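> Here's a structure for you.
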């Protein structure tokens with residue numbers, strides 16, 4: 001049996017709701033604050049999660065093209081967060097670990113290409 005990535009959705013549901021709320025509010029704050037990537041700030045190399053804040057904000061404001069350009073996984077994360085908020089009885093999520101690691105690897109390759117490292 002393959003290793004699985006198991007997730008208790010109770011705490012993730014609150015984080016997803018907070019992410020949705022912040023994604024709607026951040027663009028209206030002075031200076032349009034975001035969250036800097038620690039790896040990129042220190043080394044200049046983007047991490048697999050670079051662009052997610054920008055992507056989430058773009059999705060929540062109806063700009064699918066900008067969301068895709070920043071990080072396509074932001075679209076999936078917003079969809080997952082919306083499902084978590086509207087389906088509170090969903091308590092557990094599980095995926096084969098290979099799918100999670102493949103997604104992270106694809107995201108990192110996307111960001112490395114986006115920032116012209118490959």
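> For n ≥ 4 DSSP H runs only, could you compute -39500 (n - 2.57) per run for the chain, divide by its residues and tell me the 222 nm figure to the nearest 500? Present the calculation step by step, with values, prior to reporting the outcome.
Numbers: 6 runs with 71 residues, N = 118.
So the calculated ellipticity at 222 nm is -18500 deg cm²/dmol.
> How much length, in nm to one decimal, is gained on full extension between residue 3 and residue 66, taken as 0.36 nm per residue of separation minus their Cα-Cα distance?
Working: separation 63, 0.36 × 63 = 22.68 nm, distance 3.46 nm.
Taking residue 3 through residue 66 to full extension adds about 19.2 nm, to one decimal.
> Now for a separate question. Let me check I have the definition right: for the chain, take the eigenvalues of the Cα gyration tensor, multiply each by 5, take square roots. What are those semi-axes in whole Å, largest first? Write down the numbers at each step before the final one.
On the way: eigenvalues 113, 89, 29 Å².
Taking √(5λ) for each eigenvalue gives 24, 21, 12 Å, largest first.
> Now a separate question. How much length, in nm to one decimal, is gained on full extension between residue 10 and residue 79, taken as 0.36 nm per residue of separation minus their Cα-Cα distance? The partial results should precede the final answer.
On the way: separation 69, 0.36 × 69 = 24.84 nm, distance 1.68 nm.
Here the segment from residue 10 to residue 79 would lengthen by 23.2 nm.
> Quick one: 90, 68, fewest Cβ neighbours within 10 Å first, how do they rank?
Working: 90 11, 68 16.
With the sparsest Cβ surroundings first, the list reads 90, 68.
> Next question. At a threshold of 8 angstrom on Cα-Cα distance, excluding pairs fewer than six apart, so keeping six or more, what relative contact order does segment 4-114 reach in percent? If you can, show how the numbers build up before the last one.
Values: 130 pairs, mean separation 42.3, N = 111.
It rounds to 38 percent for segment 4-114.
FYI, it's all coordinate maths here, none of it is from the lab. Everything numeric in this text was worked out from a predicted model, so none of it was measured. All Cβ positions, glycine included, derive from the backbone under ideal geometry; neighbour counts span all protein chains shown.
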